[in-house]
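Step one of this worksheet: look at the structure below.
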Amino acid sequence: MISTVTTTTVTTVTSIAVTASLTLLAVAVLIILLIQKEIISVSDNQKLHAWGRVINIALVPLLLSFAFIAVVSVMGVLK
């Protein structure tokens, strides 16, 4: 019984740590891409404007992920 509880506890703690790490990584990438998009938007170079449109492709799923993370976090606090 003790080894089962210990194994379960270790698995739970590990999965929480991995989830927190992935959340932090997703938010960091989102912030970096938003900064890049703003810097690119003030440029006069057409190639950079094309790169800004490519960044939009990466931003949409990250923004959806951020919204999901925010909703889950708020629900966890309110629970």
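The numbers here are math on the coordinates, done by the rules we state, and not lab data. Just so we're clear, the structure is a prediction, and the values are computed from it rather than from any experiment. Note that we place each Cβ from the backbone using ideal geometry, even for glycine, and neighbour counts take in every protein chain shown.
Coupling constants for the stretch 34-46 follow from the phi torsions by the Karplus curve (6.51 cos²θ - 1.76 cosθ + 1.60, θ = phi - 60°), and in residue order they are 5, 5, 4, 5, 5, 5, 5, 5, 8, 7, 8, 6, 5 Hz; glycine and proline get x. Report summary: the helix-based calculation at 222 nm, which adds -39500 (n - 2.57) for every DSSP H run with n ≥ 4 and divides by the residues of the chain, gives -34000 deg cm²/dmol.
Pairs of Cα atoms in the chain fall into 10 Å distance bins, from 0 up to the last occupied one, in shares of 16, 31, 24, 16, 8, 4, 1 percent. Sorting the segments 60-69, 43-52 by their mean number of nearby beta carbons within 10 angstrom, highest to lowest, gives 60-69, 43-52.
With contacts defined as alpha carbon pairs under 8 Å and 6 or more residues apart, what's the relative contact order of the stretch 25-79 in percent? Result for the stretch 25-79 is 40 percent.
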